[in-house]
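Notes follow once the structure below has been shown.
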């Protein structure tokens with residue numbers, strides 16, 4: 001059998017999802033679409049998905065219980081590893097705050113959302129970008145510092161705008177509510193950051209891409225869900241052209 005036809009069986013991807021399931025379903029669709037586009041026919045992705053209940057996760061986030069959150073995510077990673085995953089993908093930007101715990105618990109490759117996003121931005125030759133996401137993602141070093149270490153300058157909204165961007169994520173987008181008023185708010189937040197010199201904007205929460213597209217921004221939009229999913233496809237198909245066994 002030709003190597004290309006065997007490629008989708010080469011690797012299994014473990015996804016920690018459910019945060020929220022609204023965006024996790026986008027991952028599942030995008031990864032499978034990517035495999036189909038690359039291999040054709042009836043090919044689809046070899047995926048293990050553990051979908052976590054978001055409600056207790058959000059409560060622990062608000063309480064700052066990151067050690068407990070790290071334990072929950074590490075346990076999820078171990079379950080995926082036991083199921084045969086060759087790598088782990090955390091289908092959320094915010095929970096990459098505990099990515100190191102997940103990787104240490106499993107000793108599996110982890111496809112880091114900030115790293116692949118930084119690569120996508122640099123491929124377009126940009127150096128100064130706006131970042132929208134949860135308060136945790138916009139303000140804490142676990143995410144921003146990886147972008148900075150990659151050579152990027154990162155701009156974030158002011159205090160009031162950060163609070164509203166965060167609220168919309170948890171109270172609307174994670175509940176499947178896509179309101180035009182919130183789309184307009186995000187558009188204005190992007191415009192304000194563009195006026196401060198942003199050359200592109202990172203949709204640094206996996207739900208934001210459900211509301212905002214390139215049509216809503218005067219500068220390039222980097223949808224982390226789409227970028228992360230594309231990196232997952234690359235992983236699944238790595239060594240796809242190797243010689244038949």
Label-reachable residues, segment 114-130, where backbone N falls under 16 Å from a point 7 Å from residue 153's Cα toward its Cβ: 122, 125-130
Rounded to 10°, Cα long-axis angle of helix 54-63 versus longest principal axis of the chain: 50 degrees
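What is segment 113-223 by shape, rounded, prolate or oblate, if you read a ≥ b ≥ c off the alpha carbon gyration tensor as root eigenvalues and call it rounded for a/c under 1.5, prolate for a/b larger than b/c, and oblate otherwise?
Working: a/c = 1.63, a/b = 1.43, b/c = 1.13.
Taking the square roots of the gyration eigenvalues as a ≥ b ≥ c, segment 113-223 is prolate.
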Where only alpha carbons of the chain are counted, the Rg and the Dmax (Å): 17.9, 58
Cα-based helix-to-principal-axis angle, 21-39 vs the chain, degrees rounded to 10: 50 degrees
Burial ranking of peptide ranges 228-239, 62-73 (average Cβ count within 10 Å, highest at the top): 228-239, 62-73
Centre separation in Å (Cα based) which lies between segment 173-245 and segment 69-123: 19 Å
Label-point separation in nm, residue 10 to residue 65, each point 7 Å along Cα→Cβ: 4.2 nm
Label zone at residue 108 (point 7 Å along Cα-to-Cβ), backbone N below 15 Å, segment 23-57: 46-52
Helix axis angle, 113-123 relative to the chain longest principal axis, alpha carbon, degrees: 80 degrees
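Where does each of 41-47, 197-203 land if you order them by average Cβ count within 10 Å, highest first?
Most protected by this proxy first, the peptides run 197-203, 41-47.
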Gained length - residue 51 relative to residue 163, 0.36 nm times residue gap less alpha-carbon distance: 37.6 nm
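Values quoted throughout were computed directly from the atomic coordinates according to the rules given, and no laboratory measurement underlies them. Quantities reported herein were computed from a predicted structural model and do not represent experimental measurements. Heads up, the Cβs are rebuilt from the backbone with ideal geometry, glycines too, and the neighbour counts pull from every protein chain shown.
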